[in-house]
């Protein structure tokens, strides 16, 4: 069986490895110079930055990819467990932060020391998060539950559905957080889980509490040398399996004949034929640009541009002189008014005046990421996605072409105010990415980093399906399709697609 994979992100690499390990002949085409997709790297002036995730969670999901090729993740890439999940910095005087340890008992104690009486609520939150993981991993992460039901659900599927509905997923994440915590500072921290899917805590399902189970029971890890080593290792495994990899190879169209994907046409005009096509490009972008117009688009039954996207990202990669002892590996500099931040992002559709700023400082854990005595800072905020039509940008729309420099100053000023003194004067190396860059580099629909928003409790389970409803033999993988964004879910999407294709032979 011949399969073409469009895109060499983690979803595409996982699908390619799963297919090749099963005997398929696989060709993988990546438009950029390096594989890895959003999991990538930038090096300059002795500083090295992962441009995507900075911690690894759910390592079992990645291990499934390695096992498909007869390898083990732990043997190929030893992982370093982080002692602190995150350090939360509060906007108050005197400056205050809360370290939440990765050990759940120590975390409960730290929370109780910070906000007396809240440890019991934390344990209830963890228990609910574990219930979510137990009820969703098999039916929803390792498969597309809706697509797997044919006719009358099986007895097992009824049991899985009953266990899921027992979680009351129609409640919002905010509902569950506020049931468990009375301290407003802790509520603010745990509501941030919504932004891990680019969504609003009062509008997304309570199932996103599962992040707590992922962080504390399943573990939070660092890959020594940086997380891009994971992409490098998967690329090497792909080559060892005989996968034909072509970088700087842009695909312009999926060839469809008699309603079935039969190959692709590259930007240079070359046609490559196959029995199936796996698309690791952004699903919504692909639906608009890669599928011939006459075969678009029964999912969903409305225009793609009318779908609410997730948030985008604003990134600063900063190589700075000196170190900041108040920084942990992973930090969150909180907004003074969380509700105002969410209103700005999701209602006004503008970056918040006082955003929550994530700062990853890998050099705290891994000194090789920066020259001696220096730090590498990955700075990120969550602005809204781009408007559907650039021509519609009006006076109320944030225009990244002209306003990005001022927003950069705003973010840096906030960090300086919250303790990173003289940050701007210390910068030796810098790169800035806006939603426009994410759109152009990765084909992200409207610059969204998680595909669709999960606002509305059903939306987390009604993502674009992995099996194209329009074209037979066309499959989607990656963060914009099922089961969602993030390294482990992208890996699962790739393995799910590989199994589906193998079973369709």
Quiz item: Got a sec? Which residues in the stretch 234-277 would a label at residue 2 touch, if it sits 7 Å along Cα→Cβ and we count backbone N under 11 Å?
Solution: 262-264, 271-276
Quiz prompt | Label-point gap, in nm, between residue 321 and residue 240 - each point 7 angstrom along Cα→Cβ | solution = 4.5 nm
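Report the extension gain between residue 268 and residue 75 in nm, rounded to one decimal, defined as 0.36 nm multiplied by the number of residues separating them, less their alpha carbon distance.
Numbers: separation 193, 0.36 × 193 = 69.48 nm, distance 4.04 nm.
Full extension of this stretch gives 65.4 nm more.
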Quiz item: What is the spin-label model distance, in nm, from residue 182 to residue 43 if the labels are put 7 Å beyond Cα along the C-beta direction?
Solution: 5.4 nm
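Given axes a ≥ b ≥ c from the Cα gyration tensor, I'd like to know whether the stretch 199-267 is rounded (a/c under 1.5), prolate (a/b larger than b/c) or oblate.
Oblate, because a/c is 1.5 or more while a/b does not exceed b/c.
Would you please give the FRET efficiency between residue 103 and residue 25, computed as 1/(1 + (r/R0)^6) with r the Cβ-Cβ distance and R0 = 35 Å, to the nearest 0.05?
0.15
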Quiz prompt | Angle in degrees between helix 10-21 and the longest Cα principal axis of the chain, rounded to the nearest 10 | solution = 40 degrees
Quiz item: For the stretch 29-63 and the stretch 237-301, what is the separation of their Cα centres, given in Å?
Solution: 23 Å
Quiz prompt | Estimated FRET transfer efficiency (residue 402, residue 175; beta-carbon r; R0 30 Å; 0.05) | solution = 0.15
Quiz item: In nanometres, what is the gap between the two model label sites at residue 161 and residue 422, each 7 Å from Cα along Cα-to-Cβ?
Solution: 6.4 nm
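Find how much the distance from residue 113 to residue 409 grows on full extension, using 0.36 nm per residue of separation minus their present alpha carbon separation; answer in nm with one decimal.
Numbers: separation 296, 0.36 × 296 = 106.56 nm, distance 3.52 nm.
Extra length available between residue 113 and residue 409 comes to 103.0 nm.
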Exercise. Give me the angle, in degrees from 0 to 90, between the Cα long axis of helix 119-136 and the longest principal axis of the Cα atoms of the chain, rounded to the nearest 10.
Key: 0 degrees
Quiz item: What ranking of 170, 400 emerges when the number of other C-beta atoms within 10 Å of each C-beta is taken as an exposure proxy, fewest first?
Solution: 170, 400
Exercise. Provide the percentage of antiparallel DSSP beta bridges, counting only those with both residues in the chain; round to the nearest 5.
Key: 70 percent
Quiz prompt | Rounded to 10°, Cα long-axis angle of helix 400-417 versus longest principal axis of the chain | solution = 40 degrees
Practice problem: Classify the stretch 251-363 as rounded, prolate or oblate from the Cα gyration tensor: take a ≥ b ≥ c as the square roots of its eigenvalues, call it rounded if a/c is under 1.5, otherwise prolate when a/b beats b/c and oblate if not. | Solution: oblate
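Sort 245, 345, 237 by Cβ crowding within 10 Å, fewest neighbours at the top. Write out the running numbers ahead of the final one.
Numbers: 245 18, 345 25, 237 22.
Neighbour counts put them in this order, fewest first: 245, 237, 345.
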Exercise. Find how much the distance from residue 354 to residue 503 grows on full extension, using 0.36 nm per residue of separation minus their present alpha carbon separation; answer in nm with one decimal.
Key: 48.6 nm
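Taking only DSSP H segments of four or more residues, each worth -39500 (n - 2.57), what value at 222 nm results for the chain once the sum is divided by all its residues, to the nearest 500 deg cm²/dmol? Show your work: numbers first, answer last.
Working: 17 runs with 167 residues, N = 505.
When only DSSP H runs of four or more count, the value is -9500 deg cm²/dmol.
Rule-based calculations on the coordinates, nothing more; no lab input. Source: prediction; values computed, not measured. Cβ atoms come from the backbone with ideal geometry, glycine included; neighbour counts cover every protein chain shown.
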